[in-house]
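Student: Take a look at this one; I'll ask things after.
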Amino acid sequence: MSAVTVAFEKAAADGRAAVIGYLPAGFPTVDGAIEAALAMAHAGVDIMEIGLPYSDPLMDGPVIQEAVHRALTGGVRVSDVLRTVEALAGAGVPALVMTYWNPVDRYGVQAFAADLACAGGSGLITPDLTPEEAGPWLAAASEHDLDAVFLAAVSSTQQRIARVAAACSGFVYAASLMGVTGVRDAVSREAEGLVGRIRTATTLPVAVGLGVRDGAQAAWVGSFANGVIVGSAFVRRLLDARDQQAGVAAVTDLAAELAAGVRSPAARDGASP
Amino acid sequence: MIQPNGQAPTRAATENQPDITGHFGDYGGRFAPEALMSALDELTRAYESAKADPRFQAELAALLRDYAGRPTPITEIPRFAAEAGGCRVLLKREDLAHTGSHKINNVLGQALLARRMGKSRMIAETGAGQHGVATATACALLGLDCVVYMGEEDTRRQALNVARMRMLGAQVVPVMIGSRTLKDAINEAFRDWVSSVETTHYCIGSVMGPHPFPAMVRDFQRIIGVEARQQVLTLAGRLPDAVIACVGGGSNAIGVFHAFIPDTAVRLIGCEAGGDGVPTGRHAATLVAGSAGVIHGMRTYLLQDDDGQTLPTHSVSAGLDYPGVGPEHSWLHDTGRATYRAVDDEHAMAAFSLLCRTEGIIPAIESAHALAGALVVGRELGPDALLLVNLSGRGDKDVDIAARWFGLVTDNAAGDGAGAGGAVATTSGGAGAAGGAGAAGSAGAGNGSGAGDSR
């Protein structure tokens, strides 16, 4: 059982959704990202997604593109991503890697899975790899006891949702709106319906991502999903900070707000923000 | 390929078709966001149905004939061929198609398909601007909204095509991120499509992207080779010894190659952009110097570093300045049915000049790479050889770059262009194209009239 699965079970036992935070490795620096991620976990983020910076992030909006571009310009390597995961896992923080497929393909699927497992990582989230092309990765994930998290989309047919859910381990990532990453004023109204459709296909936890930015939205999403994924809002705070210390303080504040949100009464009665 | 459900595809890839999940051997497939998978399935179904629908085929054939000007002629070019070891060289004149390149063949097909699927908006990426112009044209013709993404760097080197697209009613969006060239325009078009897929068709301009695009665009372009094969037989009484085309994404090359694939005696030769020379690393010769990986929704050869990051590319030709290549080319490369070589900026520009001066035809700089390849292949095969070269586009859009390269204008007369470089021979060329390469520029300028002897 992966650390991610344990974290979902612990949150469920508390009667709340898990908070999942995203940061790309290497931004603002490798050590700076590790410090920020540890601070987020300390302030109430249950699971960390570590982005593997990639030159062609076609599912990401401007905020994450900018951070990833700076990480790459700063010289971040795949080995730094694994080092980031190792630092988190060593501190007891469940960590997944979110990556476009080519860097893993280039590294070698088997080698990447082995090294990720060795670093204490829980698995991969793959925004441009669907189960159809995932044969070698699913075999490697199974061999190294890693979670394979695929995305389900609002546009997915029920047949596709069933196929995606069947291939997932750890949890199912519900991409709740049609678009790229980035904060939105409102989480898509279609999120709840998508989670419901995924639930008919699996007993795995379902986490909602794309567009969540604050405690009130987290509370609402937490009322119908097992996990709330927040990425761009954290990255935005690091981008806006004048220095590392201010960045860490800003992501700590947001983590605490999200953690309070999923524990609030609104998260139990499902009031839409 | 491994199928997650444990079933083998029910139709294996043959020389003419990918398997049912879009694989040409190990290449192709679909590496796309889940949000697009339903749209790709819808497109696959719509295309299969249109392909089998005589009314769709008749409407497309009529547009190609009455609107695009097909069939395009073939032209024998003996004065040029004298520099190619004295063999015979025939040009397939895609430059004479409406909008000035082969791109219109694919765009008319996809625009009819978009209408058939009930989409009111079409988006496209463009490098040199030829696909963008063709898309804007088809959208004007069929009353579709049109948005074209173009790298900011390319909007400057191809300013004339930006104006053409806007004249045709399209919105041109300069892409200001990454390398600001074709690959970034493709990223941005995908980002638009993920958000707009219900109303929008993404009209990909080459034989690339996730299935069904590589096979579908190939089918729309294969008319080039179907016509040319018959025309060569009629003119020369035999098949050519070699068919030569430039390769960026590879749509004009697949288009002219495809009908010849079963003719195993016919060499199929793709010419990639060698930029400043493959050893310099400043090039876009994907099959010559790249390795297999995943980019823009497909498994294919690409130019990447040890971490799988896409490498920057360079070519004097914006249309070939792309780090990937269509998956069917990767397959043809691995099987050996087609071979690929790099043509550097200097030799491409020399061939460009030679065709202008010997035949009175100004080619697109992209197509000039194929002409340079023909000069080499002709000498390799000897005076009895018969070569077919796909002249994929005309060079009007490239006049500014070429004028700078050859030092034919002064700074003031050259207009805005790429800005930085001077227009005199000593600093021309590469600076006008992509910010550098002064030495190659000077050499190219020196070869203006005797291009064929330069290598």
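Student: Would you mind stating whether B:G209 is within 18 Å of the chain's Cα centre (by Cα) and within 14 Å of another protein chain (Cβ to nearest Cβ)? First the steps, then the outcome.
Tutor: On the way: within 18 Å of the chain's Cα centre (by Cα): yes; within 14 Å of another protein chain (Cβ to nearest Cβ): yes.
In short, yes.
Student: Next question, about the same structure. Give segment A:227-258 a look and list any residue that's outside any helix (DSSP H, G or I) and crowded, with 24+ Cβ neighbours inside 10 Å, or say none.
Tutor: So the first thing to find is which residues in segment A:227-258 are outside any helix (DSSP H, G or I), and the list is A:227-231, A:241-243.
If the condition is that a residue be outside any helix (DSSP H, G or I) and crowded, with 24+ Cβ neighbours inside 10 Å, then A:G227, A:V228, A:I229, A:V230, A:G231 are the ones that fit.
Student: Pick from B:R299, B:R282, B:R267, B:R222: which is within 14 Å of chain A (Cβ to nearest Cβ), in contact (Cβ under 8 Å) with a residue 12 or more places away in the chain, among the basic types (K, R) and open to solvent by 10 Å² or more (accessible area, probe 1.4 Å)? Working first, answer last.
Tutor: On the way: B:R282 fails: within 14 Å of chain A (Cβ to nearest Cβ); B:R267 fails: within 14 Å of chain A (Cβ to nearest Cβ); B:R222 fails: within 14 Å of chain A (Cβ to nearest Cβ).
Exactly one of B:R299, B:R282, B:R267, B:R222 is within 14 Å of chain A (Cβ to nearest Cβ), in contact (Cβ under 8 Å) with a residue 12 or more places away in the chain, among the basic types (K, R) and open to solvent by 10 Å² or more (accessible area, probe 1.4 Å), namely B:R299.
Student: Next question, about the same structure. Can you say whether B:R180 is basic (K, R), assigned to a helix (DSSP H, G or I) and either open to solvent by less than 10 Å² (accessible area, probe 1.4 Å) or farther than 24 Å from B:R341 by Cβ (or both), as far as the supplied structure shows?
Tutor: Details: basic (K, R): yes; assigned to a helix (DSSP H, G or I): no; either open to solvent by less than 10 Å² (accessible area, probe 1.4 Å) or farther than 24 Å from B:R341 by Cβ (or both): yes.
No; evaluated as a whole, the condition is false for this residue.
Student: A further question on this structure: May I ask you to verify whether B:G324 is within 14 Å of another protein chain (Cβ to nearest Cβ), crowded, with 24+ Cβ neighbours inside 10 Å and among the small types (G, A, S)? Walk me through how you get there before you give the answer.
Tutor: Working: within 14 Å of another protein chain (Cβ to nearest Cβ): yes; crowded, with 24+ Cβ neighbours inside 10 Å: yes; among the small types (G, A, S): yes.
Yes.
Student: Are there any helices (runs of 4 or more DSSP H) wholly within segment B:259-363 with 3 or more residues that are touching a Lys or Arg at 6+ places or on another chain (Cβ under 7 Å), and if so which? If you could, list the steps in order and put the result at the bottom.
Tutor: Working: elements: B:286-289, B:327-335, B:345-359.
Result: B:345-359.
Student: Pairs under 9 Å by beta carbon, first residue at pLDDT below 90 in segment B:12-25, partner among the polar types (S, T, N, Q), six or more apart or different chains?
Tutor: B:E15/B:T335; B:D19/B:T10; B:I20/B:T10; B:T21/B:Q3
Student: What is the residue count in segment B:368-401 for residues that are outside any loop (DSSP other than H, G, I, E, B) and touching an Asp or Glu at 6+ places or on another chain (Cβ under 7 Å)? Walk me through how you get there before you give the answer.
Tutor: At the first step, the residues of segment B:368-401 found to be outside any loop (DSSP other than H, G, I, E, B) are B:368-381, B:386-391, B:393-394, B:396-401.
Then keep just the ones that are touching an Asp or Glu at 6+ places or on another chain (Cβ under 7 Å); that gives B:375, B:381, B:386-387, B:390-391, B:393-394.
Number satisfying all stated conditions: 8.
Student: Just to be sure I understand the filter: pairs with C-beta atoms under 6 Å, separated by 6 or more residues or on different chains, first member in segment A:49-69 and within 10 Å of chain B (Cβ to nearest Cβ), second member outside any loop (DSSP other than H, G, I, E, B) and of a type in the set (S, T, Y). Which pairs pass?
Tutor: A:S55/B:T310; A:D56/B:T310
Student: Working only within segment A:92-145, note down all residues that are of a type in the set (D, E, K, R), surrounded by fewer than 20 Cβ atoms within 10 Å (Cβ to Cβ) and outside any loop (DSSP other than H, G, I, E, B). Show your work before the answer.
Tutor: Let us first name the residues in segment A:92-145 that are of a type in the set (D, E, K, R), namely A:105-106, A:115, A:128, A:132-133, A:143, A:145.
When the remaining residues are screened for being surrounded by fewer than 20 Cβ atoms within 10 Å (Cβ to Cβ), the result is A:115, A:143, A:145.
Of everything in segment A:92-145, those that are of a type in the set (D, E, K, R), surrounded by fewer than 20 Cβ atoms within 10 Å (Cβ to Cβ) and outside any loop (DSSP other than H, G, I, E, B) turn out to be A:D115, A:E143.
Student: Sticking with this structure for a sec: Consider B:A124 carefully, then state whether it is more than 29 Å from B:C356 (Cα to Cα) and in contact (Cβ under 8 Å) with a residue 40 or more places away in the chain.
Tutor: On the way: more than 29 Å from B:C356 (Cα to Cα): yes; in contact (Cβ under 8 Å) with a residue 40 or more places away in the chain: yes.
Against the criterion (more than 29 Å from B:C356 (Cα to Cα) and in contact (Cβ under 8 Å) with a residue 40 or more places away in the chain), B:A124 qualifies.
Student: Restricting attention to segment A:77-88, and to residues there that are away from every other protein chain (no Cβ under 13 Å) and open to solvent by 30 Å² or more (accessible area, probe 1.4 Å), which single residue is farthest from A:D31 (Cα to Cα)? Step through it out loud before you land on a result.
Tutor: Let us first name the residues in segment A:77-88 that are away from every other protein chain (no Cβ under 13 Å), namely A:83-88.
Subset that is open to solvent by 30 Å² or more (accessible area, probe 1.4 Å): A:83, A:86-87.
Working: A:R83: 10, A:E86: 12, A:A87: 10 Å.
That would be A:E86.
Student: Still on this model: For segment B:39-68, give me each residue that is open to solvent by less than 40 Å² (accessible area, probe 1.4 Å) and touching a residue at least 24 places away in the same chain (Cβ under 8 Å). Break it down into steps so the answer makes sense when it comes.
Tutor: First, pick out the residues of segment B:39-68 that are open to solvent by less than 40 Å² (accessible area, probe 1.4 Å): B:39-40, B:43-44, B:46-47, B:50, B:53, B:56, B:60, B:62-64, B:68.
Across segment B:39-68, the qualifying residues are B:A39, B:L40, B:L43, B:T44, B:A46, B:Y47, B:A50, B:F56, B:L60, B:L63, B:L64, B:A68.
The values are calculated or read from the model by the stated rules, or taken from the named source; none is laboratory data. The structure displayed is predicted, hence computed values, not measured ones. So basically every Cβ, Gly included, is an ideal-geometry build from the backbone, and we count neighbours across all protein chains shown. The protein model used for the area step is the full one, side chains on, heavy atoms only, and it has no ligands, DNA or RNA in it. Shrake-Rupley method; radii C 1.70, N 1.55, O 1.52, S 1.80 Å.
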